[in-house]
């Protein structure tokens, strides 16, 4: 299974994502520069966390318009699984692959700690490793993680089972405690917490290892 | 032409930065100032000389990059 991690200027979780994917697949992912126009052959794409383009204009706004994103959008529309973590989630909303927007945290603080998430839907390729209602612990580290969408969109996300992860104790003011959502086709996930940071007991947790292993198994 | 684009958060969208500014104003002793909202202004020069064409171009820029329609409104001011 071939995987790709997109690297934007000021991505800072790209190498963590590479290690997590390597652990789950046994193969080294391709790191793809934002200025490239084409993706290598890939079965799974990760948009990593960070502060791409210094968060200029809006978090993720510049990255979403970078050359590689045209290729990512095309692949995503063709069904290739895409995960956007933290800044990656922001980029996915800015690119129109996921609804809503990630706004400044309601408390204005940069939040940086472990959070407990409830797995709301385990029927997605991104959550099949977990039980529905299972609590998992991933760290958050963001300033703009306050998920916002109009109530009609939120209702649709809920009724279609597209809220995959929900905060138990909301750290950022996100609407309906939403931590992670999928697109309507179910092949694109955006989440603010960082599963790639908890892939070994040495790092304080292994729920992220289960996340990547489950995803890799589901993608095949 | 010159364009000045003012981008603001939509009504009803929580603006924590505006709230913090409001709190700081009150801390400085400015009473009676409320509903503080923070936005941004983008200025740019255009080769266009026709106002309608310039407006159409800037509208397109706003929709595709400068503003996020999920949470922001924008207004455009054009001057020669």
Scan the stretch A:20-55 for residues that are touching a residue at least 40 places away in the same chain (Cβ under 8 Å), crowded, with 16+ Cβ neighbours inside 10 Å and not in a loop (DSSP other than H, G, I, E, B) and report the count. 13
Of all residues in the stretch A:138-153 being assigned to a loop (DSSP other than H, G, I, E, B) and in contact with a strand residue (DSSP E or B) (Cβ under 9 Å, 6 or more places away or on another chain), the one that is surrounded by the most Cβ atoms within 10 Å (Cβ to Cβ): A:145
Of the candidates A:58, A:15, A:70, the one satisfying the condition of being within 12 Å of chain B (Cβ to nearest Cβ) and either within 24 Å of residue A:219 (Cβ to Cβ) or outside any helix (DSSP H, G or I) (or both) is A:58
Could you please tell me which pairs satisfy a Cβ distance under 6 Å, a separation of 6+ or placement on different chains, a first residue in the stretch B:55-77 that is touching a residue at least 12 places away in the same chain (Cβ under 8 Å), and a second residue that is part of a helix (DSSP H, G or I)? B:74/B:62; B:76/B:58
Hey, among the residues in the stretch A:164-194 that are part of a loop (DSSP other than H, G, I, E, B) and without any contact (Cβ under 8 Å) to a residue 40 or more places away in the chain, which one's nearest to residue A:83 (Cα to Cα)? A:184
Hey, residue A:102 hits all of (1) under 20 Å from residue B:14 (Cβ atoms); (2) away from every other protein chain (no Cβ under 14 Å) but one; which does it fall short on? (2)
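Where a number appears in this text, it was derived from the coordinates with a stated rule and is not lab data. Since this is a predicted model, take the numbers as computed values, not measurements. So basically every Cβ, Gly included, is an ideal-geometry build from the backbone, and we count neighbours across all protein chains shown.
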